[in-house]
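Comments concern the structure below.
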Amino acid sequence: MTLSIVVPALNEANNLEATVRSLNEIVPQYFKNWEILIFNDGSTDATGSIADRLAKMDPKVKVTHHSTPRNLGACYKEGVAQATKEFIIMVPGDNECAQDVLRPVFEAAGKADMVVPYTTNSHVRPLGRRILSRAFVETLNLLAHRKIRYYNGAVLHKTAIIRDCPIQTDGFGYQAEALVKLLRRGISFVEVPTEILYRPHGKSKALGPKNILSTVQFVLTLARESLLQRSN
């Protein structure tokens, strides 16, 4: 099996190198070949120069620079387009997805078309984020006509399948949109439990105004699509 890893990084100078080092330690335990696709998403710190240095040191690392931030979904879609391996996953450059988080996902590779992780230690996140996350999951389960535990984790996809799934949002909800659409199509999946490591440095950008707005917009779009399908 082979793996493409999309690594978006916005001002992650303190975390990016550790993220890549961690990936290069765990990935060869499960995949015979891999590539790391770093997206310097309009950073204003040293993230870009660190990414370039990592690429010079490691031929498996490839770097794309954005002059201004395009957000997580946009980076993921670019990564899917660039990917050359059998499977694909996105691992943020904030080093929040440590090896213990990824190990259960990688162990399940090949058991289904999608490996969907869910968190077992969500208590490490702020209460407000936990409440919003639960409401988000319940809403998407209604729209997807399924009942899964989490929609925004580091999902492992077969590259050919996710490449055939049109994702509209450029924001934080990119993976949730993909999962809803693929679940509706009956794509096979397996869920695996993982524990998250709250980011070592800096503040999470997941609940920024731009991400919240884009997530609300895509949920409304999915709801409209669901109503249209039922009326037809």
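The values are calculated or read from the model by the stated rules, or taken from the named source; none is laboratory data. Treat the numbers as computed from the prediction; the structure is a model and nothing was measured. Don't worry about glycine lacking a Cβ; one is built from the backbone with ideal geometry, like all the others, and counts go over all protein chains shown. What goes into the accessible areas is simple: the full protein's heavy atoms, side chains included, and nothing from ligands, DNA or RNA. Shrake-Rupley method; radii C 1.70, N 1.55, O 1.52, S 1.80 Å.
List of remarks:
- Measuring against 21 Å, Cα to Cα, the residue pairs Lys60/Lys181; Lys32/Lys62; Lys32/Lys158; Lys77/Lys111; Lys77/Lys181; Lys32/Lys85 contain Lys60/Lys181; Lys77/Lys111 as the ones spanning a longer distance.
- Prolate is the label for the stretch 10-125, because a/c, from the alpha-carbon gyration tensor with a ≥ b ≥ c as root eigenvalues, is 1.5 or above and a/b exceeds b/c.
- Residues in the stretch 26-67 average 48 Å² of solvent-accessible surface per residue, probe 1.4 Å, ligands and nucleic acids excluded.
- Accessible surface of the stretch 24-109, 1.4 Å probe, proportion on carbon and sulfur as whole %: 51
- Applying the Kirkwood pairwise sum to the alpha-carbon positions of the stretch 65-111 produces a hydrodynamic radius of 12.6 angstrom.
- Within the stretch 16-115, trypsin sites (Lys or Arg not before Pro) in DSSP loop having at most 13 other beta-carbon neighbours inside 10 Å: Lys32, Lys111
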